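Please treat every number below as a calculation from the coordinates, not as lab data. Keep in mind that what you see is a predicted model, and the values were worked out from it rather than measured. Every residue, glycine as well, gets a Cβ built from its backbone with ideal geometry; the counts of neighbours run over all protein chains shown.
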Amino acid sequence: MSNLPTTFLTHSQRVCRLYKALFVYARRQHWPDKLAYRQRMVEYRARFDTNKNVQDLMKAKRLLIAGEEELKKAMHWHTDNFNFPESPYGIAESRYPTPDDAALDGWHPLEKAQYPTYFATREKRKKAYMEWYLKRYGVPDPPMM
Amino acid sequence: MLKTIFRNGCRLRPTFNICLSTSLNNRLHTLSPSNTYQNGQVWPHVFVLRRTSILDRHIKDAGQMRTPPPLTPRDIESRVLRICNEYDKIQEAQKNKITLETHFMNDLGLDSLDHVEIIVALENEFGFEIPDADYDKLYTVKAVVDYLKNRMHVVERPKPVVSSASDPRYDEHHH
């Protein structure tokens with residue numbers, strides 16, 4: 001979604017995006033060989049640097065589009081995206097969820113007694129919320145089984 | 001004779017097993033032979049030994065697996081600075097005096113592709129993707145650190161004393 005063109009991209013921004021997409025491509029091609037991956041990236045960098053000083057914007061744009069087409073053709077048969085492990089669709093997504101706040105209600109009274117201020121405020125807030133709920137929505141129905 | 005041994009084998013074995021000590025200390029107070037299970041059931045010693053050794057291993061592993069201490073802004077700063085210092089062009093230029101206010105383009109003379117390389121190195125270090133729209137603004141080390149702190153929800157808070165802490169959710173021990 002973040003790659004949808006919602007803004008106008010300048011030429012240099014497009015070049016940067018192409019270069020970053022090439023990182024993904026090279027990693028896919030050479031994984032897990034990191035040395036080959038770095039070698040490939042150095043080669044790509046050299047290709048970018050040969051055209052660094054092109055002053056003709058039309059020529060620069062043609063080169064950029066040619067590069068994007070080349071990447072598109074090369075990425076064509078890579079169907080799966082690479083996702084970082086803890087990112088959405090990664091292999092460790094939501095592996096360590098944040099414990100629910102209601103877990104604090106299950107504490108032993110002796111444990112709760114170690115934090116008297118916090119639990120006093122918590123009880124007060126819970127009571128206020130229940131009052132607000134009753135005032136707003138009325139007595140709730142019993143849960144369906 | 002052989003038939004008798006076969007028949008009594010299972011019953012004879014527990015008498016030897018008393019000599020072999022279990023490795024779990026919590027068995028000591030039960031005053032029962034090691035192969036007697038909690039509900040009075042008698043198990044073959046091989047099963048008991050295997051079970052206790054597995055339990056021991058689990059207890060040992062559980063001691064190793066602790067929740068790591070929460071990230072602080074200092075950690076993020078040091079990691080970002082390390083990534084920047086390890087980058088080839090910064091090392092070649094002998095510009096290791098990077099501070100938080102260092103600007104990649106103006107102070108270090110890098111171009112935008114070098115900037116992209118640093119961003120990719122940061123992604124690999126921290127394990128999440130930095131979207132294209134975001135890294136256009138991250139030209140100083142401080143901007144990068146602030147962005148990462150914001151993204152990883154890292155907040156600096158004073159370390160509470162356990163007994164007098166006002167809010168137990170900020171303690172480390174109940175994770």
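When Rg and the Kirkwood Rh are both derived from Cα coordinates, the Rg/Rh ratio for the range B:73-151 amounts to 0.91. Averaging 1/r over every pair of different alpha carbons in the range A:11-76 and inverting the result gives a Kirkwood radius of 12.4 Å. Averaged over the residues of A:76-85, the number of partner chain Cβ atoms lying within 10 Å of the residue Cβ comes to 1.
Once Rg and the Kirkwood radius are both taken over the C-alpha atoms of the range A:48-97, their ratio Rg/Rh works out to 1.29. Take residue A:131 and residue B:58, extend 7 Å from each Cα along the Cα→Cβ direction, and tell me the distance between the two endpoints in nm. Here the answer is 4.8 nm between the modelled labels.
Helix A:11-30 and the long axis of chain A differ in direction by around 80°, with both axes built from C-alpha atoms.
Relative to the dominant Cα principal axis of chain A, helix A:57-74 is inclined by about 70°. For residue B:128, neighbours were defined as the other residues whose beta-carbon sits under 9 Å from its Cβ, and their charges (Lys and Arg +1, Asp and Glu -1) total -2. Listed by chain and number, the lysines whose C-alpha is less than 30 Å from the C-alpha of residue A:34, apart from same-chain residues fewer than 8 away, are A:20, A:52, A:72, A:73, B:89, B:95, B:97, B:137, B:142, B:149.
First measure r as the distance between the Cβ atoms of residue A:92 and residue A:7, then evaluate 1/(1 + (r/R0)^6) with R0 = 25 Å and state the FRET efficiency to the nearest 0.05. Efficiency, from the Cβ-Cβ distance: 0.20.
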